[in-house]
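Take a look at the structure below.
The values are calculated or read from the model by the stated rules, or taken from the named source; none is laboratory data. Here the structure is a predicted model, which is why all the values come from computation and not from measurement. In this analysis, Cβ positions are derived from the backbone assuming ideal geometry, glycine residues included, and neighbour counts consider all displayed protein chains.
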Amino acid sequence: MPNHYFILKAEVDHKVCVITEDAEGVVPITDHTSGRTLKGIYPENAELYMDEDHSGMRLLDFVANHLTYLIVSKKVKQVLQQEGVDNIEYWPVLIYDQKKRLASSDYCILNVLGTVDCLDHENSEYDRSILDPARIQHFDKVVFHEDKVPEDVKIFRLKDREAMIFIRNDLLDALKKNNLKGFEVLRVGENVFI
């Protein structure tokens, strides 16, 4: 049975916790989306704060945010480890509520290491960045050369757009089977706007 791939992202629901600002000292966006290790860069006791403009305080397994972090619960980490996913760093984060009280210390920023060069440029639909024409700004459709995705890779970053994280169908099934909440997926090959 062939593998299928999906774009993985936290679901934005303003009834639950949303993080829109990072705290002092948290890793710059270009570092945590590059696919490189954050060792030596990531701060101890990193703090994130719930958005004061959103009343939601409930923390799901995937935490919605506008920072391009993939913030996940310990339960997500356990599922990924049970599934043999080993190309990830887990960096602990403290999440504070709108009144600056500690809401949880059971979350981490998931850093997927490495990238996979598998984009089918001919059949994908995308626009390049005006500032950096070598970079893809957004996709209307993502298509892969699936034979270029290594067999043992269940989660990865796309070389052409490292901030995007992709998962294989068997890993998606494990996330669903474990009743994890707060994520959504977009199937590779279908029309998207991301």
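Which is at pLDDT below 90 and outside any loop (DSSP other than H, G, I, E, B), of Ala103, Ala163?
On the way: Ala103 fails: at pLDDT below 90.
Going through Ala103, Ala163 in turn, just one is at pLDDT below 90 and outside any loop (DSSP other than H, G, I, E, B): Ala163.
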Sort out which residues of the range 61-82 are modelled with pLDDT under 95 and either among the aliphatic types (A, V, I, L, M) or under 13 Å from Ser105 (Cα atoms) (or both), and write them in order of number. Val63, Ala64, Leu67, Leu70, Ile71
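Can you find a residue that is aromatic (Phe, Trp, Tyr), surrounded by 13 or more Cβ atoms within 10 Å (Cβ to Cβ) and not assigned by TED's automatic domain parsing to the domain that holds Lys77 anywhere in the range 112-131? Before the answer, list the steps.
As a first pass, look at the range 112-131 and keep what is aromatic (Phe, Trp, Tyr): 126.
Next, only the ones that are surrounded by 13 or more Cβ atoms within 10 Å (Cβ to Cβ) stay: 126.
After this cut, where a residue has to be not assigned by TED's automatic domain parsing to the domain that holds Lys77 as well, the list is 126.
Yes, some residue in the range 112-131 is aromatic (Phe, Trp, Tyr), surrounded by 13 or more Cβ atoms within 10 Å (Cβ to Cβ) and not assigned by TED's automatic domain parsing to the domain that holds Lys77.
Which residue out of Ile7, Ile19 is modelled with pLDDT under 85, outside the structural domain of Ala163 (by TED's automatic domain parsing) and assigned to a strand (DSSP E or B)? Full working, then the answer.
Values: Ile7 fails: modelled with pLDDT under 85.
From the options Ile7, Ile19, the qualifying one is Ile19.
Step by step: first the residues of the range 136-149, then only those that are free of Cβ contacts under 8 Å to residues at least 40 places away in the same chain and loosely packed, with under 13 Cβ neighbours inside 10 Å, then the one that is nearest to Ile165 (Cα to Cα). Which residue is that?
Within the range 136-149, the subset free of Cβ contacts under 8 Å to residues at least 40 places away in the same chain is 136-137, 145, 147-148.
Now drop any that are not loosely packed, with under 13 Cβ neighbours inside 10 Å, which leaves 147-148.
Values: Asp147: 18, Lys148: 16 Å.
In this case the residue turns out to be Lys148.
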Residues of the range 136-194 being assigned by TED's automatic domain parsing to the domain that holds Asn123 and among the aromatic types (Phe, Trp, Tyr), which ones? Phe139, Phe144, Phe156, Phe166, Phe183
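If you check Asp106 against the conditions, is it touching a helix residue (DSSP H, G or I) at 6+ places or on another chain (Cβ under 9 Å), acidic (Asp, Glu) and free of Cβ contacts under 8 Å to residues at least 40 places away in the same chain? Before you say what the answer is, go through the steps one by one.
On the way: touching a helix residue (DSSP H, G or I) at 6+ places or on another chain (Cβ under 9 Å): yes; acidic (Asp, Glu): yes; free of Cβ contacts under 8 Å to residues at least 40 places away in the same chain: yes.
Here the answer is yes, as Asp106 does meet what is asked.
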Pairs where the first residue, in the range 114-128, is in contact (Cβ under 8 Å) with a residue 24 or more places away in the chain and the second is assigned to a loop (DSSP other than H, G, I, E, B) and basic (Lys, Arg), C-beta under 8 Å, 6+ apart: Thr115/Lys159; Val116/Lys159; Asp117/Lys159; Cys118/Lys159; Leu119/Lys159
Neighbours by Cβ (under 6 Å, 6+ apart or cross-chain): first from the range 77-91, of a type in the set (Ser, Thr, Tyr); second assigned to a strand (DSSP E or B) and buried (at least 17 other Cβ atoms within 10 Å of the Cβ): Tyr90/Cys108
Selection from the range 176-194 of residues that are under 14 Å from the mean Cα position of the chain (by Cα) and not in a loop (DSSP other than H, G, I, E, B): Phe183, Glu184, Val185, Leu186
For the range 86-100, indicate whether the set of residues that are in a strand (DSSP E or B) and either of a type in the set (Gly, Ala, Ser) or closer than 15 Å to Tyr5 by Cβ (or both) is non-empty. no
Restrict the check to the range 54-76 and report whether at least one residue is surrounded by fewer than 16 Cβ atoms within 10 Å (Cβ to Cβ) and of a type in the set (Ser, Thr, Tyr). yes
